[in-house]
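Throughout, read-outs are computed from the coordinates displayed, never taken from laboratory work. Model, not experiment: these values are computed from the prediction. Using ideal geometry, Cβ is built from the backbone for each residue, glycine included, and neighbour counts are taken over all protein chains shown.
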Amino acid sequence: MFGKEKSQYIEDNKFRYTMREMKKNGSAYVLALPYFLLFLFFTAIPVVISLPVGFTNFNMAQFPKWTGLSNFYTLFLADDVFLIAIQNTLVFAIITGPISYIMCFLLAWLINEMPGPLKTVFTYIFYAPTLAGNIYATWQLIFSGDAQGPLNSILINLGLIKGPQQWLTDSRYILTCVIIVQMWMSLGAGFLAIRAGLQGIDKAGYEAGAIEGIKNRFQELIYITVPSMGPQLLFAAVMQITSSFTAGDIGRYLTAFPSTDYAAHTLMTHAFDYGSIRFEMGYACAVCFFLFIVMLFVNNVIRKAMSGILDT
Amino acid sequence: MRLIKKRRMWGGSRGGDIMIFILLLLVGVFMLFPIYFSIIQSIKPVEELFLFPPKMYVQRPTMQSFEDMLKVAGGMDVPFSRYVFNSVFVSVVVTVAQLLLSSSAAYVLAKVKAPGIRAMNKIIEVALLFTSSVTYIVQYIVMAKMGLIDTYFALTLPYIATPMGLFLMRQFMGQIPESMIEAAKLDGASHLRICWQIVMPNVKPAWLTLMIFAFQGAWQITGYLFVYSEQLKPIPIVMQQIAASGLARAGVSYATVVVLMLPPMILFLILQSNVVETMAHSGLKD
């Protein structure tokens, strides 16, 4: 009896404390409100509604019909293309993710070692592909299957290949070509955030380091630069995870759609196929749901690993 | 202090600098080549455009492709200037709104301790991972219910509150020392003032970078599905229509690509040199 009353009292107090704290910080909520209103209507609600659609049969004309796990059974047991898409997405993410992340950081740091004007020039050059974006026509020309095509003619002249290769239609090369173009565009948001972070590091740290006997730029990098870049490194990691797992557009525009033997078919391409071409929304949402779960898992692992080493 | 001056700003030898420079130069060539090639293709006359193997230079540069592009654009129902206005208007609104709203919310998420803030942080972190191609249908329904379809609101509102913009600002603001904010609080400054007069000037590289992301994203808004009036369409969708209109216009498709990439590139050049400048100034405090 008494115990119950006491816990009730504590509950009540906690509630009052929460209310008081909320009132005290009322102006802060107001400050965050405009963003969160727009976020709620245009991001949160669409996402929250889309997730359960994965458990329905929805053709966009009739009201969605609940089908439980049936979409997922089909995906894993009857849809061979989906299994190819998983494999491609994983290969793609495992190769481009870590490499592009290391490139983002390493190149951003190397640029920072250059004198002022060169910093701007190199940052500009490296970020330019992300700005230029959709120049797939040019890449198609570079990868042209003709013996006189730019890539073919160079490789033939160097004696590396005997005859012309069909880079974008031969299933042996498609994924590699897509990966190359992805790498070319991979110095994106993460790279720029790290560049901006490097600009903000307090120079006093380097002075103190010099006094404490740091001799070369690698020691500076490990003992001063990296530890003070935690938040930016985490940002870049999340950005590279999303861009490497959600890639699909490049393959779709670069090669034919669907690509030969589905060699460039990723989960996003699969979702696009069902969502925007066949209008089987339930199935498309199921694919996205699966991708979301995979990304959530990878993200949590990376986040744990990083917060163990860095102050993020 | 003198010790530092002698070994330049930071550690490392002259020889190392040169090696880094050469490495960056090589990567830079790989980065720039496809862009250079696109520009070259856009100023080639037709007979050079279909020459095989394609030349990496132009013999007789011409603006013919750009003129053709304008000719096609001029033949549309709505004057071309209207499309330009739409894109510029939408991009400016989205960029400014994103800067204002994301920064304000990021300050709260990074620096205010109050009930619910932790949950908001978690939500944003999860939302970052959901870049989906299937939410457009629900987005459409939401906007239709609010009566926003086929208005400028449909071109701007959905693109303002991006989780990425908020996350970027929050990560940078988290590095501002707590003492700085406590001091301002003791002086009686409100959250609004602390955010905009104390925190923001200290994360200038971050919001200059945010502006680049925001503009870049906004410039690509096509309004596909959300607007159907010709008067509301922005440039990218018109360019797609022009570029898709046949092989005879191969040069035109290169011209549209070049025209589309120019505005974000120019803005980036202005903002990025400012990012570097910020650093030069803070480096001066000896």
Checklist entry - Along the Cα-to-Cβ line of A:K162, 7 Å from the Cα, sits a label point; which residues in the range A:130-150 have backbone N less than 17 Å from it? => result A:147
Checklist outcome for this item: Non-local residues with an amide H under 5 Å from the amide H of A:T56, with H modelled 1.01 Å from N and Pro and chain starts lacking one, are A:T67
Item to check | Residues B:Y159, A:Y283, sorted so that the one with the fewest Cβ neighbours within 10 Å comes first | outcome: B:Y159, A:Y283
Checklist entry - With the calculation restricted to Cα positions, what are the radius of gyration and Dmax of the range B:107-176 in angstrom? => result 14.9, 42
Next on the checklist: What number does the protein assembly as shown give for Rg over Rh if you use C-alpha atoms and the Kirkwood radius?
Outcome noted: 0.98
Checklist entry - Which Rg and Dmax, in Å, describe the Cα atoms of the range B:64-282? => result 20.6, 70
Checklist entry - Taking Cα pairs under 8 Å and at least six residues apart, what relative contact order does chain B come out at, in percent? => result 28 percent
Checklist outcome for this item: Of every Cα-Cα pair in chain A, the percentage lying beyond 32 Å is 49 percent
Item to check | Distance between modelled label sites at A:S27 and A:R172, nm, 7 Å Cα→Cβ extension | outcome: 6.9 nm
Item to check | Long-range HN-HN contacts of B:I221 with modeled amide H, under 5 Å | outcome: none
Next on the checklist: Around B:Y152, under 15 Å between beta carbons, what's the net of Lys plus Arg minus Asp minus Glu among the other residues?
Outcome noted: 0
Checklist entry - In sequence order, what are the phi-derived ³J(HN,Hα) couplings for the range A:272-288 according to the Karplus relation 6.51 cos²θ - 1.76 cosθ + 1.60 with θ = phi - 60°, rounded to whole Hz, with x for glycine and proline? => result 4, 4, 6, x, 9, 10, 8, 6, 9, 4, x, 5, 4, 5, 5, 4, 5
Checklist entry - What full-extension length gain, to one decimal in nm, is calculated for B:R14 and B:V96 as 0.36 nm per residue of separation minus the Cα-Cα distance? => result 25.3 nm
Item to check | Reach of B:K113 by Cα under 14 Å, taken over aspartates and glutamates that are not fewer than 8 positions away in the same chain | outcome: A:E21, B:E178, B:E182
Checklist entry - Tell me, A:C288, A:C177 in order of fewest to most beta-carbon neighbours within 10 Å? => result A:C177, A:C288
Checklist entry - Past the 22 Å Cα-Cα mark, which pairs from A:K203/B:K122; A:K14/A:K304; B:K111/B:K204; A:K203/B:K111? => result A:K203/B:K122; A:K14/A:K304; A:K203/B:K111
Item to check | Area projected by the alpha carbon convex hull of the range B:211-264, averaged over all directions, nm² | outcome: 4.2 nm²
Checklist entry - Hey, any idea what the orientation-averaged projected area of the convex hull of the range A:222-312's Cα atoms comes to, in nm²? => result 7.4 nm²
Checklist outcome for this item: FRET efficiency (A:I45, A:L118; Cβ distance; R0 51 Å; to 0.05) is 0.65
Checklist entry - Relative contact order of chain A: what whole-number percent is it, with Cα pairs under 8 angstrom and at least 6 residues apart? => result 25 percent
Item to check | Net charge, A:I174 excluded, C-beta distance under 14 Å - Lys, Arg +1, Asp, Glu -1 | outcome: 0
Item to check | Cα convex hull of the range A:84-171, projected area averaged across orientations, nm² | outcome: 8.2 nm²
Checklist entry - B:K44: which aspartates and glutamates have alpha carbons under 14 Å from its alpha carbon, excluding same-chain residues fewer than 8 sequence positions away? => result B:E67, B:D68
Checklist outcome for this item: Quick note on B:V258, B:V46, ordering by fewest other C-beta atoms within 10 Å, gives B:V46, B:V258
Checklist entry - Could you name the aspartates and glutamates in cross-link range of A:K162, using Cα to Cα under 15 Å and dropping any fewer than eight places away on the same chain? => result A:D146
Next on the checklist: Tell me the net charge near A:M22. Cut-off is 12 Å between Cβ atoms, A:M22 excluded, with +1 for each Lys or Arg and -1 for each Asp or Glu.
Outcome noted: +4
Checklist outcome for this item: Those helices of chain B passing the 27 Å axial Cα length cut-off and the mean Kyte-Doolittle cut-off of 1.6 (DSSP H runs only) are B:14-42
